Amino acid sequence: MNKVFQKIVAFTQTRYMRIMTNGFMSIAAVSIAGSIFTLIKSLPIGAWQNFLTASGLSEILSIPVSITSELMAIYVVLAMAFQVAKEFKKDGLTASVIALGAFMILTPFTAVVYNADYTVATPVSNVIPVSSMGAQGIFLAIITGIVASRLYIFFLDKGWTIKMPDSVPESVSKMFEMMIPGGLTFLIFLAVRWGFSLTSFNTAQAFIYAILQGPLVSIGGGFWGLFAYLVVAKLLWCFGIHGGMVAYSAMATIMGTVMAANAAAFAAGTAVPYPEWAFNAMLMDAHVLPLCLIMLVFAKSKQYKTLSKIALPTSLFNISEPLVFGLPIVMNPIMAIPFVLTQIFNVVSTILVTNIGLLVAPTGAGINNMIPLPILGALLNSHWSGFVWALIIIAVDALIWLPFFRVQDKKALEEELKLETKEA
């Protein structure tokens, strides 16, 4: 096992894995800030929700959420490009600007606008769709940030620049220096955009989603549908793709059907026809709180001690972004393994104990998933067994997370000690 961990750690220290890890860690504050406002706005308390609506604060609190989660791809492309430039000892700001431009070149300038009751869809042009800037665009942002920055640096190293006399101010000289490398980088990405326009996908974003959604579309309701929805979503998140969005868009029709059937059964007081999907609210992010608790108790590095304290409030309400981007889990093979393993355990074990009668079946009632896990478990099946099972999930997930987190924490502690020694 130690040899396996050593190989994983060695892989995370390769140049581009280090770039991606550092890139996501550098924007963790943005994700945490957005999650805090999400939590404040979404607290499942009727009086609070009524107050937010009546006072107009709900709309105001949505602004920080919009400029963080809905624009996450922009932060990612800037962070990745900056880390690449830092790795190659080049100006990070210039590389980031070039990469952002390349990302915008790949972004479609069309969107669909709906009327008030969503019955009429109107295509519009000369607009930038927010969906391309948010979680849906993260994977493309990773690729663009790294590739565009690397191309820019490559052209710089080749000396394909306009050299100005020493008498010219540095700011002006740098502007001319970046013109040819930046222009060539833009030209390459423009060719990529044109290439996708000749295909049935039309855009790079559409291509990424099309090749990922296919395997999910054929999977229906029941255990395997839920298993695919939750596990595939976590697998995709490990690679910087918003797995929940991909899985949901692929299975929205199926989910809508089974959830409606469960709700109808609950209203009629009969057994739910799709008990697996009725547990979806609890199983989606059940492993978030266990990870945060493990960090809070066992972290030795300063960065993870601090992160655990910051992420605890959001983790209590099953909000995963601070840890997904803060550790990070995205593009991190050490933490990706338990990220997926805990999800597999939670889905399989929950359905198993339900089928053998140890866990009372869910009622099918629609419950807000931003409720602390044990309480959420009890509400889903209106029975104390839901509360107890949620505690068991927390305990087992924590045990799965622990050895992997210790490896991650040890690596972070070693880096902190090296930095302290260097500064001393």
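Can you name the helices (runs of 4 or more DSSP H) wholly within the range 254-358 that have at least 1 residues being at pLDDT 90 or above and on the phi < 0 side of the Ramachandran plot?
Values: elements: 275-278, 280-283, 288-298, 302-316, 321-326, 333-355.
It comes to 288-298, 302-316, 333-355.
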Completion exercise
Checked against (1) touching a helix residue (DSSP H, G or I) at 6+ places or on another chain (Cβ under 9 Å); (2) in contact (Cβ under 8 Å) with a residue 12 or more places away in the chain; (3) among the aliphatic types (A, V, I, L, M), Ile143 satisfies every condition except (2)
Fill in the blank from the handout: Of the residues in the range 94-137, those that are closer than 19 Å to Phe24 by Cβ and either at pLDDT 90 or above or over 22 Å from the mean Cα position of the chain (by Cα) (or both) come to Ala95, Ser96, Ala99, Leu100, Phe103
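Of the residues that make up the range 181-188, is at least one open to solvent by 30 Å² or more (accessible area, probe 1.4 Å), at pLDDT below 90 and in contact with a helix residue (DSSP H, G or I) (Cβ under 6 Å, 6 or more places away or on another chain)? It would help to see each step written out before you state the result.
The first filter runs over the range 181-188 and keeps only residues open to solvent by 30 Å² or more (accessible area, probe 1.4 Å), leaving 183-184, 186-188.
Then drop every residue that is not at pLDDT below 90, which leaves none.
Within the range 181-188 (the criterion being open to solvent by 30 Å² or more (accessible area, probe 1.4 Å), at pLDDT below 90 and in contact with a helix residue (DSSP H, G or I) (Cβ under 6 Å, 6 or more places away or on another chain)), the answer is no, since none of the residues qualifies.
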Fill in the blank from the handout: Flagged in the range 335-389 as crowded, with 22+ Cβ neighbours inside 10 Å and touching a His at 6+ places or on another chain (Cβ under 6 Å), in numbering order, are Thr342
Exercise for the section: Find all pairs meeting these conditions: Cβ atoms under 8 angstrom apart; at least six residues apart or on different chains; first residue within the range 119-138 and closer than 24 Å to Leu236 by Cβ; second residue open to solvent by 60 Å² or more (accessible area, probe 1.4 Å) and aliphatic (A, V, I, L, M). Expected result: Ala135/Met245; Gln136/Met245
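Inside the range 384-411, can you point out the residues that are among the hydrophobic types (A, V, I, L, M, F, W, C) and touching a residue at least 40 places away in the same chain (Cβ under 8 Å)? Quick ask: steps written out before the conclusion?
Within the range 384-411, the first condition is being among the hydrophobic types (A, V, I, L, M, F, W, C), and the residues that meet it are 384, 387-396, 398-402, 404-405, 407.
Within the range 384-411, Ala390, Ile393, Ile394, Ala395, Val396, Ala398, Ile400, Trp401, Leu402, Phe404, Phe405, Val407 qualify.
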Fill in the blank from the handout: Lys89 vs (1) over 19 Å from Phe189 (Cα atoms); (2) outside any loop (DSSP other than H, G, I, E, B): all pass except (2)
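Just give me the residues in the range 304-317 being open to solvent by 20 Å² or more (accessible area, probe 1.4 Å) and within 14 Å of Thr38 (Cβ to Cβ), in sequence order.
First, pick out the residues of the range 304-317 that are open to solvent by 20 Å² or more (accessible area, probe 1.4 Å): 305-306, 309-310, 312-313, 316-317.
Hits for the range 304-317 are Pro313, Leu316, Phe317.
The values are calculated or read from the model by the stated rules, or taken from the named source; none is laboratory data. Please read all numbers here as calculations on a predicted model, not as lab measurements. When we count neighbours, we look across all protein chains shown, and the Cβ atoms used for this are built from the backbone with ideal geometry, even at glycine. Side chains included, ligands, DNA and RNA excluded: accessible areas come from the protein's heavy atoms. Shrake-Rupley method; radii C 1.70, N 1.55, O 1.52, S 1.80 Å.
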